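Taking it in order: structure first as C-alpha cells, then the write-up.
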Amino acid sequence: MSKPSGSSTPAATAPVAHNALPPPSTASAARSSRIAPHSHIKGLGLTPEGYANVDGAGFVGQTNAREACGVVVDLVKSRRFSGRALLLVGAPGTGKTALALAISQELGVKVPFCPMVGSEVYSTEVKKTEVLAEAFRRAIGLRIKETKEVYEGEVTELTPTEAENPLSGYGKTVSHVIVGLKTVRGTKQLRLDPSIYESILKEKIVVGDVVYIEANTGAVKRVGRSDAYASSYDLESETYVPLPKGDVHKRKELVQDVTLGDLDAANARPQGGQDIMSVMGSLVKSGRTEVTEKLRKEVNKVVKGYVDQGVAEVVPGVVFIDEVHMLDIECFTYLNALLESPMAPTVIFATNRGNSLVRGTTDIIAPHGIPVDLLDRCLIVKTDGYKRDEVAKVVQLRANVEGLKLGPGVLDRLALEGEKSSLRYALQLLTPASILAGLAGRQTIEVEDINEMGELFLDAKTSAINIGNPGDREVDRTL
C-alpha cells in the first residue's frame, strides 16, 4: 500500500497509478503547441557543392537519397524536369515523405506544394481523373504582377453633391462626391463618380479613415483608422494605421499569387441571380463542382495571354502522391497524359511496394505496382533503413523539438527498440514516457518509463507474433 499524503516520503519514490491526475503545472505561462511528425525537417541539408551533410537541416542519414533529390531540385529550378517524375521507394518509416517535404522547402515557400494519398481519388462525387487533374492544377502557381494608379490617404472631407432626379420630379440623387485625401506630403481633393460613393458607404468610411482608391476600377478599400485619432483605451476593435507617405496619387506594384485550380474553381462556380429560387438552388446544390476540360482550356488561353504580355509568370509547383500503388490502371494512364501537358508541375511519387499487381488489372504484375510505361518516365530514388546510431540521432532530435529531457541510458534503449522494431515505434514511445515521468513528479524520462511503455504498447512485430494463428488458440483452449 502507498503511504498517506501526509507522509514525509518524497513523492518521486511513491508509485503512481496510470489513471492518476497529473500534478498542477507551475509554469502557467508555458504554452504547448502541436508538433507535426516532420516539424524538424527544414530542407535537404546539402552543401553548396551538392553533397549531403551527415546531419543537416533536420535530416539524419539517407545521404545518397538527399544528394539525388538535390540534383532533382536543380533540374526543377532550371525548368528541365518537365514530363518526368521522381519516384521514392523504400520501406515504411525510411523518410520518403520527409524527402518530398524537403524538396518543397528547397524550392521555396512561394512554390505551391500539393500533397495527396493514392486512395483520395476514389470518391463518389467526382471522377478519379478529375481528382488528379484538380491536384495538378492546384500545384501550378500564377504570379500576377500589376502596376496600378491609386489614390491613398486619410479622408479629410466627404461631401456628396445632390441634384434633381431627371427620371422623376420628386426626390434627389447623388450627382458626384467630393473626397479630400491627406498624406505626409500634401493633400488632394477628388471629384468621384456616384458609384464610388456607394462603395464608400458599403465600406462604412468616415472622415479620419485611411483609404485606398484604384484609379482604373474605382475599387475602394478601407485600410484602417488614422493613428491621429488613436485613444487611450486598453482594448479596442479599431485598427489604427499611420498616415501614408508620399503623394496622394501614386503608382503601386502589386504581386498576387494564385493557382490554376483557384481560377478553375472561380470560373466553374455559377453566379446565380438574387431571386429566392437561385438562392435555394445554391444551398441545395452539392459543394463540389466538376470543372470541364473546355473551361480549363479557356483558363489556359487567358493565362497564356497574361504571360505573353509580361503581366503574369507561371510558377510550377510540386504534386506529391504518397502510396502511389493505390492508384488503378485508369489513373496511371491519365497520369501519362498529365505529365506530357505543357504546364505540368513537378511530380513526386512514393511507394513501399516491390513487385505487385497493378490495381484494376488481374494479370499485370509490375515493379512497385506501377505500369512500366509510367515507370520509364520516373527517376527512381531508394531510401535505406536506419542503423542504431542513426535512430539514436533521430530520437534525440525529436526530443529536442518536443522539449523532452532524456535520462542516462534512455537514448540507447530507444535506439535498440528502433533497430529491433521500427523508428516510428521508438519515436512514439517518447511522449507517453514523458507523461509517465510527469505523473511520477520527474522532469526527465528514465529507462523504467520506457520499459513500462514497452509493456503497455506493443510494436507491430510483437503484436503479430502474439496474435498468431487463430486455429492454434482454439487448440490451446481445448487442451
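The values are calculated or read from the model by the stated rules, or taken from the named source; none is laboratory data. Here the structure is a predicted model, which means the values were calculated and not measured. Cβ placement follows ideal geometry from the backbone for every residue including glycine, while neighbour counts extend to all protein chains displayed. Note: accessible area is taken over every heavy atom of the protein model, side chains too, but ligands, DNA and RNA are not part of it. Shrake-Rupley method; radii C 1.70, N 1.55, O 1.52, S 1.80 Å.
Can you send over the carbon and sulfur percentage of the accessible area for the range 328-479, probe radius 1.4 Å, protein chains only? Here it works out to 54 percent. Within the accessible surface of the range 86-149, defined with a 1.4 Å probe on protein heavy atoms only, the carbon and sulfur portion equals 52 percent. Across all directions, the shadow cast by the convex hull of the range 333-405 built on its C-alpha atoms averages 8.1 square nanometres.
Both radii are taken from the alpha-carbon atoms of the range 146-266; with Rh as the Kirkwood radius, Rg/Rh is 1.06.
Of the GluC sites (Glu not before Pro) found in the range 46-115, those in coil by DSSP whose Cβ has at most 12 other Cβ atoms within 10 Å are E49. Evaluated at q = 0.14, 0.24, 0.25 Å⁻¹, the base-10 log of the normalised Debye intensity for the range 45-111, with identical point scatterers placed on the Cα atoms, takes the values -0.40, -1.18, -1.26.
At a probe radius of 1.4 angstrom, the accessible area of the range 146-220 per residue rounds to 59 square angstrom. Accessible area per residue for the range 363-453, computed on protein heavy atoms with a 1.4 Å probe, is 50 Å². Remark: relative contact order (the range 30-151) = 19 percent; criterion is Cα-Cα distance under 8 angstrom and separation of 6 or more residues. Over 30 Å between Cα atoms: which of K204/K294; K145/K221; K42/K245 fall into that group? Result: K204/K294; K42/K245 exceed 30 Å.
Over the Cα atoms of the range 83-153, the radius of gyration divided by the Kirkwood radius equals 1.14; this is the Rg/Rh ratio.
Any idea what diffusion coefficient the range 353-453 gets from Stokes-Einstein, in µm²/s, Kirkwood Rh on alpha carbon pairs, 25 °C, 0.890 mPa s? Answer from the Stokes-Einstein relation: 153 µm²/s.
Take every Cα pair under 8 Å whose residues are at least 6 apart in sequence, average their separation, divide by the length of the range 130-230, and the relative contact order is 26 percent.
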